[in-house]
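The structure appears right after this line, and notes come after that.
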Amino acid sequence: MNHIQSKVVVITGASSGIGEATAKLLARNGAKVVLAARREERLQTIVGEIVQEGYEAASYKADVVSAEDMQSLAKFSLERYGRIDVWVNNAGVMPVSNLSELRVSEWEQMIDVNIKGVLYGIAATLPIMREQQAGHIINVSSVSGHSVSPSSSVYSATKFAVRAITEGLRQEESASSRIRTTIVSPGIVETELLETVKSPELRKMADYVRTMSISPYRIADAIAHAINQPEDTSVNEIVIRPTAQAM
Ligand code: NDP
């Protein structure tokens, strides 16, 4: 049974990495995907590739730190496809550093994109899903949302927050038994994320970490698995990391 077929799926951070892979995989399984991010040209290229393969996709330029942009993204998706079945809050940044480096603007960026971005995504889509009496919100956290290590304090804090918000949402919405939630916590994945590490102290670590990374399609597969369950079944959390990754 394919429960992905014909679903309308909105994905933030879809211009690269996990978001791009998820959009392509879901489109190939019959979903109508709306790809959002700031880099419009890249979105258009990816949508072009999906459409070229004969599948359905649209792009929308949106910055997740803007609550207004998230509202416009939801409006665009509704106007284009008539409903929103799944909303994937995937956009994220990871400029990790030691707290003693005082890279305050990077702390703020992580809080804005990784936490507020998820909240603005929920604010944009939850009323629509409640009205539809159906929907699925998938939030991308991290293994760093399960444990802290040196240099990842702020990033980890944002990803712990994503898990707390998603679990709270699950409990609140379980009463209506109509809206599903999923937390996806990846380990090291081969994407552009490590390029957001600017701290000179951490750059070497980032290059080393990359050597054990897995394909973003592994995470896309996990997201597809959660979507592909019957409506009465909610996959609430998936932790997925390279076999070689200890922490
Ligand atoms: P990428 O850097 O490849 O993708 C990040 C995406 O987020 C891009 O599409 C980027 O698009 C988008 N983005 C960043 N800032 C904003 C913003 N302000 N508004 C809208 N979009 C934004 O990394 P990944 O694919 O790896 O990251 C996806 C998610 O997975 C993140 O939440 C990350 O924390 C999480 N994750 C990744 C892991 C990894 O090892 N790669 C491990 C654990 C979790 P654009 O710049 O065009 O706006």
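Could you tell me the relative contact order of segment 122-240? Use alpha-carbon pairs under 8 Å, at least six residues apart, and round to a whole percent.
Answer for segment 122-240 is 29 percent.
Dipole size in debye (nearest 20) for segment 119-246 around its Cα centre, Lys and Arg Cβ +1, Asp and Glu Cβ -1?
The dipole of segment 119-246 has a size of about 280 debye.
Suppose a student asked you for the relative contact order of segment 14-102, using Cα pairs under 8 Å spaced at least 6 residues apart; what percent would you report?
25
Using Cα pairs closer than 8 Å and at least 6 residues apart in sequence, work out the relative contact order for the chain, in percent. Show your work: numbers first, answer last.
Details: 490 pairs, mean separation 51.0, N = 247.
Across the chain, relative contact order equals 21 percent.
Go ahead and set up a Gaussian network model of the chain, Cα springs under 10 Å, then flag whichever of 120, 208, 217 fluctuates most.
208
Size of the dipole of segment 45-179 about the Cα centre, Lys and Arg at +1 and Asp and Glu at -1 on the beta carbon, nothing else charged, in debye to 20?
Working: 11 positive and 16 negative charges, 59 e Å.
In debye, rounded to 20, segment 45-179 gives about 280.
Once label points are set 7 Å from the Cα along Cα→Cβ at both residue 99 and residue 208, what is their separation, rounded to one decimal in nm?
Reported label-point gap for residue 99 and residue 208 is 2.3 nm.
Taking the chain as a Gaussian network, Cα atoms linked when under 10 Å apart, which of 14, 134, 175 shows the biggest mean-square fluctuation?
175
Magnitude of the Cβ-charge dipole of segment 36-83, K/R +1 and D/E -1, about the Cα centre, nearest 20 debye?
Values: 7 positive and 9 negative charges, 21 e Å.
For this selection, approximately 100 debye.
Positive end of the dipole of the chain, charges at C-beta (+1 Lys, Arg; -1 Asp, Glu), about the Cα centre: which of 117, 227, 57 has its Cα farthest in that direction?
Highest projection toward the positive end goes to 227.
Given H placed 1.01 Å from N in the peptide plane, which residues other than close sequence neighbours of residue 135 have an amide H under 5 Å from its amide H?
The answer is 180.
Starting from the Cα of residue 61, draw a straight line to each of the lysines and keep only those under 19 Å, dropping any in the same chain fewer than 8 residues away.
24, 32, 75, 116
A short reminder: the numbers here are calculations on the coordinates, not readings from a lab. Since this is a predicted model, take the numbers as computed values, not measurements. Quick reminder, even Gly has a Cβ in these numbers, built from the backbone with ideal geometry, and neighbours come from all protein chains shown.
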